[in-house]
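What follows is one structure encoded as structure tokens, with my remarks underneath.
What follows draws every value from the coordinates through simple rules; no lab data is involved. Nothing here was measured: the structure is a model prediction, and the numbers come from that model. Because the Cβ atoms are built from the backbone with ideal geometry, glycine has one as well, and the counts that use them run over all protein chains shown.
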Amino acid sequence: MRPEIEKIARDFNEDIRKLYGKNLISLFLYGSAAGENYIPGKSDINLLVVLEEINVGDLDLYLKIKKKWERKKVVTPLFLTEDYIRRSLDVFPIEFLDLKEKHVTLYGRDLLAELTIDPANLRLQIESEIKGKLLRLRQSYMELEGKPEKVKKLLDIALSSLTPAFRNLLRLVGEEVPLSKPEILEKIAKRFGLDSDLFSRWWRLKTGEMKASTAEIRKLFGEVHEEIEKLMDIVDGLKV
């Protein structure tokens, strides 16, 4: 954890413990600030507060310090109960597996490390995410009338929104998940027989490393659409 994040985490921990006392079970740092992808001044700082019980009064308590922490790039934390977490693993396996795999315990019991995700539920959500994003990709393309400058942004959004599904698909099939997004894309392509050069161009277009003409953007969109369709069919038939 970066030194500046350590200080923020320590000070936030003190505020939260004063606010919630015995109602506080655990406090976690998650997301980029808990790993190696944190960008100072740009990345948000994400925290999860686990309480024994949550009512509107508990939410109002946080409002007393909300603006103070927003100035330090701390977004409004997730407020969950332990019961909610355990009863939601079947509905949000991707989200909870991400939390389990990349978090720092700032206070209390590390209940995230104790979570067990059913592979069947994980596969189902990955399938749902990929199919849903593919539908949205098609619909948005039609709504944008295929205009290249808007299609480029659409490709950027699609890549960001699909990355969690890609990351967890690698976990599902027992592959080690790389830290960087370009490596995740490369590994997904190689593991499932997709076009790794296309995934590389998709990433480089998003980051600005590659410039593309109108015709090239339209061609890239068609290729991305085709590869996501292939991956959708693979995940649909995956046995876990």
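Indicate the gyration tensor shape class of the range 1-117 (rounded, prolate or oblate), computed on the Cα atoms with a ≥ b ≥ c the square roots of the eigenvalues: a/c under 1.5 is rounded; otherwise a/b larger than b/c is prolate and the rest oblate. Since a/c reaches 1.5 but b/c is at least a/b, the shape of the range 1-117 is classed as oblate. Annotation for the range 146-240: trypsin sites (Lys or Arg not before Pro) lying in DSSP loop with at most 13 further Cβ atoms inside 10 Å of their Cβ are K211, K239.
For the range 1-92, applying the loop criterion from DSSP together with a ceiling of 12 other beta carbons within 10 Å to the GluC sites (Glu not before Pro) yields E36, E53.
Taking amide H as placed 1.01 Å from N in the peptide plane, T81 has its amide H under 5 Å from the amide H of L51, each at least 5 places away in sequence or on another chain.
Going from the fewest other Cβ atoms within 10 Å to the most, the residues M232, M142 appear in the order M142, M232. Residues whose amide H falls under 5 Å from that of V74, counting only those 5 or more places apart or on a different chain, are I45, with hydrogens built in the peptide plane. Modelled spin labels at S160 and D11, positioned 7 Å past Cα toward Cβ, are 2.7 nm from each other. Put simply, the Cα atoms of the range 119-236 extend 40, 27, 19 Å along their principal axes, the longest span coming first. Tilt of helix 214-236 relative to the longest C-alpha principal axis of the chain, in degrees (0 to 90, nearest 10)? Here the helix axis deviates by roughly 70 degrees. Relative to the longest principal axis of the Cα atoms of the chain, helix 196-207 runs at roughly 60 degrees.
Axis of helix 148-172 versus longest Cα principal axis of the chain: the two differ by about 60°, to the nearest ten degrees. Panel order for H103, H225, by other beta carbons found within 10 Å of each beta carbon, from fewest to most: H225, H103. Shape of the range 57-190 from its Cα gyration tensor (a ≥ b ≥ c, root eigenvalues): rounded if a/c is under 1.5, otherwise prolate when a/b > b/c, or oblate? In terms of gyration-tensor shape, oblate. Bridgeable lysines around K22 (alpha carbons under 25 Å apart, same-chain partners fewer than 8 residues away excluded): K7, K64, K66, K67, K68, K100. Using only alpha-carbon positions in the chain, the gyration tensor eigenvalues give semi-axes of 36, 21, 16 Å once each is multiplied by 5 and square-rooted (largest first).
Projecting the Cα atoms of L124, L198, V75 onto the charge dipole of the chain, computed from C-beta unit charges around the Cα centre, puts V75 farthest toward the positive end.
Among D110, D98, a tally of other beta-carbon atoms within 10 Å of each Cβ gives an order, fewest to most, of D110, D98.
Bridging of K187 to aspartates and glutamates at a Cα separation below 12 Å is possible for E175, E176, D195, D197, once same-chain residues fewer than 8 apart are set aside.
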